[in-house]
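Comments concern the structure below.
Please treat every number below as a calculation from the coordinates, not as lab data. For clarity, every value in this text was computed on a predicted model and none was experimentally measured. All Cβ positions, glycine included, derive from the backbone under ideal geometry; neighbour counts span all protein chains shown.
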Amino acid sequence: MTGSPQKRKKAGSMEKSAEHYIEGVLNGDRVAVAQAITLVESNAEKHFEKAQEMIEELQQKETSSIRIGITGVPGAGKSTFIDSFGTYLCSLGHKVAVLAVDPSSQVSKGSILGDKTRMERLSRNPDAFIRPSPSSGTLGGVTRKTRESIIVCEAAGYDVILVETVGVGQGEFAIRGMVDFFLLLVLTGAGDELQTMKKGIMELPDLVVVNKADGDNRDHAKKAEHEYNHILHFLKSYTQGWETKAVTASSLHETGIQEIWETINVFAQKTRESGMFEGRRKLQQKEWLYEMIEEQLKHHFFQHTFIKGNMQSYEKDVVEGKRPVSGSVKELISAFLSR
C-alpha cells in the first residue's frame with residue numbers, strides 16, 4: 001500500500017457508509033462530526049453522492065440553533081474574540097461549533113490560517129467543536145460546503161454555530177446569506193478603517209463591535225463606537241425592523257461579551273416573533289437550491305467529453321482573436337447539450 005499512514009487512515013475513514021456517519025453525528029461524536037465534514041469537503045464524485053445522502057437524513061432532525069457570521073478587518077482579533085465569546089457561551093451551557101472559512105493555498109488547496117491554534121481555550125472545551133476549512137478557492141465551494149457543515153454540526157447538537165470569515169471582501173456576502181445574525185469586528189479610528197471598506201459591507205452586519213477596547217485604547221474605542229453609530233444611523237439595516245448599532249468589547253479582558261450575547265438573544269426573539277427568522281431560513285434554502293444548480297451545471301459542463309477535449313483549442317483561438325467569445329460560448333453550450 002502506498003501513501004503515508006495518515007493519508008491511508010483518512011482515505012479509509014471516507015469509505016464508510018452514509019449510515020455510519022449519520023449515526024455518529026446524531027450521537028454527538030466529535031470524531032464522527034469531523035469525518036462527516038471531511039466527506040462534505042471532498043471533491044470526489046463518489047464522496048459527493050454519499051455526502052448528499054448523509055445531509056438529506058441529517059437535516060430531517062429538528063434543531064433550535066442560531067447561526068452567527070463573524071467577520072472583520074485584518075487585525076481586528078476575530079479568533080481571539082471567538083475564543084472568548086465561545087468559551088463564555090459554553091459556560092452558559094451551550095454547545096458551540098466554529099467553522100472558520102480560510103483562504104486556500106494555490107499550491108496545496110488546503111487551509112493556511114490555522115485558526116484552531118489561536119483559540120486555545122475553546123479548542124480544549126468538550127462542548128466546542130472547531131473546524132478550520134479550506135474555501136477550495138471558489139465562493140461556490142465556500143457556500144455549499146459551509147452550509148452542509150452547518151447542518152452536520154446542528155444535527156450533532158451544537159446550538160450556536162459561529163462562521164468566521166477571513167476578512168472584508170466578497171466572501172462576506174456569501175456568508176451573510178447562510179447565517180441568522182452577522183457581526184462585524186472593527187478597530188479604532190473609524191474614519192481610516194472605512195476607507196478600506198466598501199459601503200456594502202457596512203450594510204451587512206446586525207451588530208458592529210469595536211474590539212480591543214482596553215488599556216490606553218479604551219477612549220479611542222468609545223470614540224470609534226460613536227463614529228460608527230453615526231454612520232450606521234444613515235444606512236439601511238440588512239434586517240428589516242432591526243437597528244444595527246455599534247458597541248465596544250475587549251476580548252482580552254472579556255468585557256462587553258455578555259452584552260453582545262444579550263443583543264443576539266434580543267435579535268433572535270424579535271425576528272422569531274415577527275416570522276423573519278424562519279422566513280430568512282426558508283429564503284436561504286431557496287438560494288442554496290439555485291447555487292447548487294449552478295455549481296452542478298458548471299461541474300458537468302467541464303467534465304463533458306467534448307468540452308474536455310476541445311476547451312484548450314477554443315481558449316487558444318479566443319486569446320489569439322481567431323474565434324469570437326460569444327460565438328465560442330454558443331458552440332460549446334450547444335455541444336454540451338446535444339451530446
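Search the structure for amide H atoms under 5 Å from the amide H of Val210, placed 1.01 Å from N in the peptide plane, and list their residues when 5 or more places away or on another chain.
Under 5 Å from the amide H of Val210 lie the amide H atoms of Val186, Val247, Thr248, Ala249, each far enough along the sequence or on another chain.
Sorted by mean Cβ packing within 10 Å, highest first, what order do the peptides 235-247, 76-88 take?
Output ranking for 235-247, 76-88: 76-88, 235-247.
Between Val163 and residues 5 or more places away or on another chain, which pairs have amide H atoms under 5 Å apart, with H built 1.01 Å from N, and which residues are they?
The answer is Ile68, Gly69, Ile70, Leu99.
Nearest 0.05, what FRET efficiency do Ser326 and Glu57 give at R0 = 41 Å with Cβ-Cβ as r?
0.40
Return the sequence-ordered ³J(HN,Hα) values of the range 71-78 in whole Hz as given by the Karplus equation 6.51 cos²θ - 1.76 cosθ + 1.60 applied to θ = phi - 60°, using x for Gly and Pro.
Values, residue by residue: 9, x, 5, x, x, 6, x, 4 Hz.
Take the residue pairs Lys222/Lys245; Lys78/Lys236; Lys78/Lys212; Lys212/Lys245; Lys223/Lys245; Lys46/Lys330 and return only those whose Cα atoms are more than 21 Å apart.
As for pairs spanning more than 21 Å Cα to Cα, those are Lys78/Lys236; Lys46/Lys330.
Just to be sure I understand the model, the point goes 7 Å from the Cα along the line to the Cβ. What's the resulting Val31 to Lys270 distance in nm?
Result: 4.6 nm between the two label points.
Work out from phi, with θ = phi - 60° and the Karplus expression 6.51 cos²θ - 1.76 cosθ + 1.60, the ³J(HN,Hα) of each residue of the range 218-229, listed in order in whole Hz, and give x for Gly and Pro.
Computed from phi, the couplings for the range 218-229 are 4, 5, 5, 5, 5, 5, 5, 4, 4, 5, 5, 5 Hz.
Within the range 279-326, report the trypsin sites (Lys or Arg not before Pro) that DSSP leaves as loop and that have at most 15 other Cβ atoms within 10 Å.
Taking the range 279-326 and a limit of 15 other Cβ atoms within 10 Å, the loop trypsin sites (Lys or Arg not before Pro) found are Lys322.
Just add up the charged neighbours of Trp242: K/R +1, D/E -1, any other residue whose Cβ is under 9 Å from the Cβ of Trp242.
-1
Label-point separation (nm) for Leu252 and Glu23, each offset 7 Å from Cα along Cα-to-Cβ?
Distance between the two pseudo-spin positions: 5.0 nm.
What's the FRET efficiency of Ala335 with Leu283 using the Cβ-Cβ distance as r and R₀ = 41 Å, to the nearest 0.05?
0.70
For the pair Arg218 and Glu203, how long in nm is the line joining their label points, each one 7 Å along Cα→Cβ?
If labels sit at Arg218 and Glu203, their model points lie 3.7 nm apart.
If you stretched the chain out fully between Ser42 and Ser313, how much longer would it get, using 0.36 nm times the residue separation minus the C-alpha to C-alpha distance?
94.6 nm
So between Ser91 and Glu15, what do we pick up on full extension, going 0.36 nm a residue minus the alpha carbon distance?
23.7 nm
Which GluC sites (Glu not before Pro) does the range 18-63 hold that lie in a coil by DSSP with at most 14 other beta carbons within 10 Å?
Here the GluC sites (Glu not before Pro) that fit, given the DSSP loop and packing criteria, are Glu62.
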